[in-house]
Amino acid sequence: MIRSMTGFARRERQGPWGTLTCELRAVNHRYLELALRLPEDLRGVENDARQLLGGTLRRGKVDAGLYLRTSAAAAPALELNRPLVEQLLVRAREVGGLIEDAAALSPLEVLRWPGAIREAERDVTPLAGEALALLKETADDLNEARAREGARIRDMLAQRCEGLRDLVAIVRARLPEVAARIRARVIERVAQLGTQVDAERLEQEIALLAYKMDVEEELDRLGSHVTETLQVIDSKEPAGRRLDFLMQEFNREANTLSSKSQDVETTRAAVDMKVLIEQMREQVQNVE
């Protein structure tokens, strides 16, 4: 079943580290383009996250974000950079000896010095594992949403294919009448000229004109493209590029049919075909 390239999915997971949120947004694109946003604690999982999404999604411009809201209990502990502080105190006493009536150094002033306090290192391995699991679940949700949209597109394409098949049948049914009209028109014009024409030569010219105006081959190819499209939209493989190619072929045959048409009804049918093909093409742009 075909899938759409557009979709949205969002999931949350809570733990001792706080609340982890994952959001995925996808729109149509020629190939897979990933934009990934991660909190600082999860920078180490970027490659794994890209590989995970690349293995789950085939095409589309995907905006992926993992957001961490740390709980109060999980706030990072602060530790004193003792070697730096000791050096600061030594240098402060040296400066104090050079200045008369130097004010005492406040502990808070020492703590304000860059690097005097720092966050204690913590093990982010459990958080990284939870983040990748959450990303996988959200990607599965996104694919489910894209599959639902793909099913809607599949039904629309199948309906338009049946419409094309009906129009092909209408044009094909008119071929004998169109050929007879071409023959009668040529004979009538020859008669209007009032000149004697070799009957065998006249039949040859009529046959040549009928050959140039014949659209049987175009109708056969249109029917073949309809059959191929119906098979592709029920395939388990990504079908977007194949369908895009088929839309180009549909357009080519419909244009040729229109240019060869010598009949008002055939021309009208060719126009209706182009309308259906354009409706299909617009939807195919969104198929993975």
task: Please determine, by comparing only the residues of the stretch 116-128 that are open to solvent by less than 40 Å² (accessible area, probe 1.4 Å) and either modelled with pLDDT of 75 or more or in contact with an Asp or Glu (Cβ under 6 Å, 6 or more places away or on another chain) (or both), which one is farthest from residue 55 (Cα to Cα).
output: 120
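So which of 196, 204, 285, 262 is modelled with pLDDT of 80 or more, open to solvent by 30 Å² or more (accessible area, probe 1.4 Å) and not aromatic (Phe, Trp, Tyr)?
On the way: 196 fails: modelled with pLDDT of 80 or more; 204 fails: modelled with pLDDT of 80 or more; 262 fails: modelled with pLDDT of 80 or more.
None of the other options fit; the residue is 285.
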- prompt: Mind checking which residues of the stretch 129-163 are over 17 Å from the mean Cα position of the chain (by Cα), under 16 Å from residue 7 (Cα atoms) and either crowded, with 19+ Cβ neighbours inside 10 Å or free of Cβ contacts under 8 Å to residues at least 60 places away in the same chain (or both)?
  reply: 135, 138
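For the stretch 268-277, what are the residues that are open to solvent by 50 Å² or more (accessible area, probe 1.4 Å) and either more than 27 Å from the chain's Cα centre (by Cα) or among the hydroxyl-bearing types (Ser, Thr, Tyr) (or both)?
Our first condition is that a residue be open to solvent by 50 Å² or more (accessible area, probe 1.4 Å); within the stretch 268-277, this holds for 268, 271-272, 274-275.
Within the stretch 268-277, 268, 271, 272 qualify.
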- request: Filter the stretch 10-35 down to residues that are open to solvent by less than 80 Å² (accessible area, probe 1.4 Å) and over 17 Å from residue 130 (Cβ atoms) and give me whichever is nearest to the chain's Cα centre (by Cα).
  value: 28
statement: When the stretch 11-35 is checked residue by residue, the ones that are at pLDDT below 90 and within 14 Å of residue 64 (Cα to Cα) are none
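With the requirement that a residue be acidic (Asp, Glu), over 15 Å from residue 283 (Cβ atoms) and touching a residue at least 24 places away in the same chain (Cβ under 8 Å), what does the stretch 225-256 give you? Show your work before the answer.
Within the stretch 225-256, the subset acidic (Asp, Glu) is 228, 234, 237, 244, 249, 253.
Filter once more, so that each one left must be over 15 Å from residue 283 (Cβ atoms): 228, 234, 237, 249, 253.
Result: 234, 249, 253.
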task: Could you list all residues from the stretch 36-47 that are at pLDDT 90 or above, open to solvent by 50 Å² or more (accessible area, probe 1.4 Å) and over 18 Å from residue 142 (Cβ atoms)?
output: 46, 47
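The rows are residues; the columns are (1) surrounded by 11 or more Cβ atoms within 10 Å (Cβ to Cβ); (2) at pLDDT below 80; (3) under 49 Å from the mean Cα position of the chain (by Cα); (4) closer than 18 Å to residue 255 by Cα.
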residue: 170; (1), (2), (3), (4): yes, no, yes, yes
residue: 181; (1), (2), (3), (4): yes, yes, yes, no
residue: 200; (1), (2), (3), (4): no, yes, no, no
residue: 210; (1), (2), (3), (4): yes, yes, yes, no
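The values are calculated or read from the model by the stated rules, or taken from the named source; none is laboratory data. It should be emphasised that the depicted structure is a prediction, and the values quoted were computed from it without experimental measurement. FYI the Cβ positions are ideal-geometry reconstructions off the backbone, even for glycines, and counts take in every protein chain you see. Keep in mind that these areas ignore ligands, DNA and RNA; they rest on the heavy atoms of the full protein, side chains included. Shrake-Rupley method; radii C 1.70, N 1.55, O 1.52, S 1.80 Å.
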